[in-house]
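Just below is one structure, and these are the notes that go with it.
The values are calculated or read from the model by the stated rules, or taken from the named source; none is laboratory data. Quick caveat, the model's predicted, so the values are computed rather than measured. FYI the Cβ positions are ideal-geometry reconstructions off the backbone, even for glycines, and counts take in every protein chain you see. Note: areas computed on protein heavy atoms with side chains; ligands, DNA, RNA excluded. Shrake-Rupley method; radii C 1.70, N 1.55, O 1.52, S 1.80 Å.
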Amino acid sequence: MRCEGREVINRLKKAYTIKSEDFLAMEIWEKTRDPFKVLIATILTQNTTDKGAKRAYEELDKEVGITPERLSEADPEAIKRSIKKVGLYNNKTKILKEVSKIVSNEYGGDINKILNLDPSQARKTLVDMPGVGRKTADVVLLTCKGYSVFPVDTHIFRVSKRLGIKGGYDEISLFWRNVSDDSNLMAHLLLITHGRTICKAIKPKCDTCVLNGCCEYYARLRGSKGSETA
């Protein structure tokens with residue numbers, strides 16, 4: 001990468017205004033302060049957009065109710081009908097049921113009993129649940145508890161790789177965690193916003209990107225264009 005990580009985040013801060021309604025987990029947390037609802041919302045966002053997940057979340061809350069007890073006892077078909085707007089809804093129905101049963105039966109319906117554990121143990125406990133991977137666990141822990149974790153979604157992974165950051169999930173997560181001076185959550189949301197609006201998977205807007213001076217991908221792109229026109 002051609003800039004320090006802090007410089008990247010500072011450039012993004014100047015370029016974007018973060019709105020909670022653009023991020024389902026953040027919006028649900030601000031409205032409810034209920035970490036179980038944040039967990040369900042984050043599961044729903046897997047492999048789909050926040051907008052689609054939001055519609056499914058609202059329908060699920062209306063038709064079934066988003067509590068450990070209601071979801072664990074609900075007819076799977078009722079859950080499925082409510083979330084059919086999101087990708088992999090059959091699989092997510094099973095996940096929502098299983099996760100809700102664990103929270104209800106093993107933790108008395110109180111997910112705070114998990115989140116109040118030592119951060120590493122809380123993360124492990126969440127990741128051990130069906131369908132809750134590292135990213136989902138990290139979103140919940142960062143959003144609801146402010147723990148020192150850094151979720152890496154597909155947008156952040158793409159932006160990071162193009163900038164020139166090497167490694168997989170753990171390495172990229174550690175890199176951004178080490179450079180976010182004030183807020184891992186803000187840096188996380190800024191990088192997602194950049195991936196959604198400019199550093200897209202297809203036809204990224206490199207020429208107007210505030211990070212193009214930092215970016216290995218852009219440097220290679222310009223180099224190849226220079227060779228073509230030489």
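Computed quantities for the displayed model
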{"quantity": "Qualifying helices (runs of 4 or more DSSP H) (wholly inside region 105-146; at least 3 residues being surrounded by 15 or more Cβ atoms within 10 Å (Cβ to Cβ) and touching a residue at least 40 places away in the same chain (Cβ under 8 Å))", "calculated": "134-145"}
{"quantity": "Test: residue in region 159-176 that is open to solvent by 10 Å² or more (accessible area, probe 1.4 Å), at pLDDT 95 or above and on the phi > 0 side of the Ramachandran plot", "calculated": "yes"}
{"quantity": "Residue match in region 188-197 (condition: within 12 Å of the chain's Cα centre (by Cα), surrounded by fewer than 19 Cβ atoms within 10 Å (Cβ to Cβ) and either touching a residue at least 12 places away in the same chain (Cβ under 8 Å) or under 21 Å from Y217 (Cα atoms) (or both))", "calculated": "no"}
{"quantity": "Residue count for region 55-76, restricted to those that are open to solvent by less than 90 Å² (accessible area, probe 1.4 Å) and part of a helix (DSSP H, G or I)", "calculated": "10"}
{"quantity": "Residue that is open to solvent by less than 60 Å² (accessible area, probe 1.4 Å), of a type in the set (G, A, S) and without any contact (Cβ under 8 Å) to a residue 40 or more places away in the chain, where the choices are G87, G52", "calculated": "G52"}
{"quantity": "Residue ID - farthest from G146 (Cα to Cα), chosen from residues in region 10-28 that are in contact (Cβ under 8 Å) with a residue 40 or more places away in the chain and surrounded by 21 or more Cβ atoms within 10 Å (Cβ to Cβ)", "calculated": "L12"}
{"quantity": "Hits in region 177-187 - residues which are of a type outside the set (A, V, I, L, M, F, W, C), assigned to a helix (DSSP H, G or I) and either without any contact (Cβ under 8 Å) to a residue 24 or more places away in the chain or surrounded by 14 or more Cβ atoms within 10 Å (Cβ to Cβ) (or both)", "calculated": "R177, N184"}
